[in-house]
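Novice: Structure in structure tokens, see below.
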Amino acid sequence: MNPQQLGVAYPMTFVLDAAGRVERKIVEANYRLRNGGRWLVEELLGVAANEGEPRIETTTTGPLAIVSGRAWLDSPSYFPYQRLGLHLELGVAPGWHVYGPAVAAGDTTLGIDIVSSPDGVRMGPIAWPEPTPFRIPGLDEEFSVYEGTVAMTIPLEFTIPRNSGVVRLEIAVRFQTCSATECLPPNAIALTLAVPEAPVP
């Protein structure tokens with residue numbers, strides 16, 4: 001903690017059960033950071049925003065149309081020092097797979113990088129979906145892969161001062177696609193979101 005911040009109250013969220021007992025406490029390490037409403041509801045209750053609600057969305061398709069990507073933010077705008085949820089959905093063509101986040105040396109893991117302009121958006125820990133075991137006949141090794149639709153939500157912290165205006169998010173998804181008989185060279189797809197700053201209430 002910064003010595004200059006001693007005595008400053010830090011935000012804390014208490015989650016109560018039906019009887020009013022505290023089930024969970026969420027304590028922030030940054031006294032300025034706050035959770036967005038939709039992010040908090042989804043994090044605590046697992047209830048995603050409705051498809052019809054306003055949001056910012058983008059899509060793309062990778063080389064050979066084997067991997068496609070879709071990304072959207074759970075809010076149509078951001079407040080400075082707010083945590084929002086970035087939803088990322090990858091589609092892998094039938095007969096192909098991508099490696100999970102933890103694989104053997106020499107294979108390319110699924111990875112995500114996010115750069116913001118202006119700088120200041122930080123990516124929180126990713127809760128990766130459970131991969132599927134995959135075996136190739138004749139090999140003893142078991143691989144962890146993703147097939148079909150791969151969906152995840154990534155917390156984004158907008159540690160950006162007021163009046164920063166539109167924030168441009170450049171999202172890079174790195175992967176290697178393989179089938180039961182061949183692996184293609186490592187590749188990536190790029191998605192871009194332009195997130196406006198919310199007006200002062």
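The values are calculated or read from the model by the stated rules, or taken from the named source; none is laboratory data. On a predicted model such as this, the values are computed, not experimentally measured, just so you know. In this analysis, Cβ positions are derived from the backbone assuming ideal geometry, glycine residues included, and neighbour counts consider all displayed protein chains.
Novice: From the list ALA151, ALA127, ALA198, which residue is under 18 Å from ILE56 (Cβ atoms), exposed (fewer than 15 other Cβ atoms within 10 Å of the Cβ), within 16 Å of the chain's Cα centre (by Cα) and among the small types (Gly, Ala, Ser)?
Specialist: Testing whether each residue is under 18 Å from ILE56 (Cβ atoms), exposed (fewer than 15 other Cβ atoms within 10 Å of the Cβ), within 16 Å of the chain's Cα centre (by Cα) and among the small types (Gly, Ala, Ser) leaves just ALA151.
Novice: Follow-up. On the basis of being buried (at least 17 other Cβ atoms within 10 Å of the Cβ) and under 26 Å from THR61 (Cβ atoms), does VAL121 make the cut?
Specialist: Judged against the criteria, VAL121 is a match.
Novice: Moving on to the next point. Identify the single condition in (1) of a type in the set (Lys, Arg); (2) exposed (fewer than 12 other Cβ atoms within 10 Å of the Cβ); (3) within 18 Å of the chain's Cα centre (by Cα) that ARG168 does not satisfy, given that it satisfies every other one.
Specialist: Result: ARG168 fails condition (2) only.
Novice: Do any strands (runs of 3 or more DSSP E) entirely within region 38-132 hold 2 or more residues that are of a type in the set (Ser, Thr, Tyr) and modelled with pLDDT of 90 or more, and if so, which?
Specialist: Hits in region 38-132: 57-61, 111-117.
Novice: Turning to a different aspect of this structure: Quick one: GLU182 ticks every box in (1) at pLDDT 95 or above; (2) surrounded by fewer than 12 Cβ atoms within 10 Å (Cβ to Cβ); (3) of a type outside the set (A, V, I, L, M) except a single one, so which number is it?
Specialist: (1)
Novice: Need pairs with beta-carbon distance below 8 Å; first residue of a type in the set (Ser, Thr, Tyr) and within region 124-143, second surrounded by 11 or more Cβ atoms within 10 Å (Cβ to Cβ); sequence gap 6+ or separate chains.
Specialist: Close Cβ pairs (under 8 Å, with a partner that is surrounded by 11 or more Cβ atoms within 10 Å (Cβ to Cβ)) amount to THR132/HIS97; THR132/SER144; THR132/VAL145; THR132/TYR146; THR132/GLU147.
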